[in-house]
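So the structure is just underneath, and the comments pick up after that.
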Amino acid sequence: MSRWILITGCSSGIGLTAVKALTERGYNVIASCRSAKDVESLNQQGITCIQLDLNSEQSIHAAVESALRISNNQLYALFNNGAYGQPGALEDLPTQALREQFEANVFGWHTLTTLLLPTLRQNGEGRIIQNSSVLGFAAMKYRGAYNSSKFAIEGWSDTLRLELANTNIHVSLIEPGPIETEFRSNALVAFEKWIDPNNSVHHKAYALQKSRLDNDKSNNAFVLPPESCIPPLIHALEAKMPKIRYRVTTPTKVFSVLKRILPNRWLDKLLQKAA
C-alpha cells in the first residue's frame, strides 16, 4: 500500500498510533504536529513530519504546500485528528475560549480540507476521515465547548459527503468514546487558562473535574487504547464503500442507540450520570 496520507495531531495518542500502524501497513505517511519540538522528535525517529498549527491559517497553508510537495501531488487521504477539549461550564467560558476551541477543532479542519480537495479531485479519488467523538452527538455537562465543536464537525462532514456524492472521494467519521491518551492533560491546561473555579457557582463540580483531569489514567471502565481506532481507520481508507460512521467504544455504541430510542429527558438523566 503505497498511497500517501496526511495525519494531523501526531505528537501522541490516536494520531501517533495511526502514523506507526499505517507506516507498517505500507502507507506513505506524512505526520504533522503543532509543536516544532514534536516535529523534530518524530523526524529523528525516521517519521516524515511537518509543522501544522490548526489555529494558524498561515501554518495550514505552509503545511499543505509541504504535504503536496512531499507527495508529488499524489495525496490520497487526510485524517483530521488534531484537536483538544476545553472543559468548563458554558456560563464560565469567555467567548474567546470558545473561539479558540472552534479555531483548532473546526475552522482549522475546514481550511485544511478545502485546500486539499482540489488535489483529491484532480487525482480522481480520495478519503477524508474525521476523528469525531461520542460527544459529537451526545452532549455532557462541563464539556460544552468541545461538544459544540464536535457537533459542528458531524454536520460539516455530513454536508461535505453529500456535496462529494458524485465523486470518488469518501468522507467518514470515526466516533471514539473514552480512549487512553494525553487528552485529559491537554484539557487541564485549557481549563486552567480560562476557568476561575473560585468565582463560579460550579466550584464544587470543578473540584471533581480537575481531579479527573489530573489523573494519569482514566477511571472509565470502558476505556480503550488508541490502537482500537486503527481497524476502523483502515476500513475507512481501504473499503470500496467505507462506512459513514465508525463507533469505537461501548459508550459510543450504546448512546448512539439510546439517542434514537429514548425521549430527550430520559437521555438527559443518563448523560447526567455518565458525566
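All of the numbers you see were taken from the coordinates with simple rules; none came from a lab. Note that the coordinates shown come from a computational prediction; the quantities given were computed from them, not determined experimentally. Glycine also receives a Cβ, built like all others from the backbone with ideal geometry; neighbour counts cover every protein chain displayed.
Descriptive notes on the structure:
- Inter-label distance for GLU182 and ARG161, nm, one decimal - labels placed 7 Å from Cα along Cα-to-Cβ: 3.2
- Taking a straight Cα-Cα cut-off under 14 Å and skipping sequence neighbours fewer than 8 places away in the same chain, the aspartates and glutamates within cross-link reach of LYS193 are ASP92, GLU100.
- Compared with the dominant Cα axis of the chain, that is its longest principal axis, helix 250-261 is turned about 70°.
- Straight-distance crosslink candidates among lysines, where the alpha carbon sits under 17 Å from LYS259 and sequence neighbours closer than 8 are dropped: LYS141, LYS150, LYS269, LYS273
- Residue separation of ALA275 and THR114 scaled by 0.36 nm, minus their Cα-Cα distance, works out to 54.5 nm of gained length.
- Acute angle (nearest 10 degrees) that the helix 144-163 long axis makes with the longest principal axis of the chain, alpha-carbon atoms: 40
- Here the calculated FRET efficiency for GLN96 and THR250, from their Cβ-Cβ distance with R0 = 45 Å, stands at 0.80, rounded to the nearest 0.05.
- Counted over all Cα-Cα pairs of segment 73-128, pairs farther apart than 13 Å make up 64 percent.
- Residue-averaged [θ]222 nm for the chain, counting only DSSP H segments that reach four residues, each worth -39500 (n - 2.57): -15500 deg cm²/dmol
- Within segment 119-275, the percentage of alpha carbon pairs spaced more than 25 angstrom apart rounds to 39%.
- Highest average packing first - 241-248, 40-47, 144-151, Cβ atoms within 10 Å: 144-151, 241-248, 40-47
- Cα-based helix-to-principal-axis angle, 57-70 vs the chain, degrees rounded to 10: 40
- Remark: the VAL257-ASN73 segment gains 62.1 nm on full extension, using 0.36 nm per residue and subtracting the alpha carbon distance.
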